[in-house]
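The values are calculated or read from the model by the stated rules, or taken from the named source; none is laboratory data. The structure presented is a predicted model; accordingly, all values stated were derived computationally and were not measured. Don't worry about glycine lacking a Cβ; one is built from the backbone with ideal geometry, like all the others, and counts go over all protein chains shown.
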Amino acid sequence: MNCTPESEQLQQALNELATAMTRVICVRVDQAVAQIMSLKSSGEAGASGDVARGTKTVLPLALAQKPAAEEEFIDKHEVARRLGKTLRTVDNWMARGVLPHYKIGRSVNFRWSDVLEHLTRTARVSRYHG
């Protein structure tokens, strides 16, 4: 298959767009989940509002209670961003089995909940006493 420079540029632009859209969606979902969790902890069970003004905001509780099977996948760039690491570090951790990932063909994806759970179970806290 011969790829022209234009088609390679288009493919790269589409990949960058998809990555940017994934980042925006993940940030929005994280914000919504944080808002839901704060409402749950305050005992408002998913709804908030000003009764005097008659306003009420209902948040999508399904976001916080989404089963792992329905959780969306994120790419290496997003994992690196969330962990504050480089792509090379993510690649090294994948090769060493530090990060659980799903690979289909050349595509590598992660479930954020799997990454957090695995790191929580396997990482150790180190304290420097210098």
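Overview of values
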{"quantity": "Some residue of segment 64-72 being modelled with pLDDT of 75 or more and either over 17 Å from VAL108 (Cα atoms) or out of contact with any His (no Cβ under 6 Å at 6 or more places or on another chain) (or both)", "calculated": "yes"}
{"quantity": "Qualifying residue in segment 41-61 (condition: within 22 Å of the chain's Cα centre (by Cα) and at pLDDT 80 or above)", "calculated": "no"}
{"quantity": "Output for segment 75-130, where each listed residue is of a type in the set (Ser, Thr, Tyr), within 20 Å of THR22 (Cβ to Cβ) and assigned to a loop (DSSP other than H, G, I, E, B)", "calculated": "THR86"}
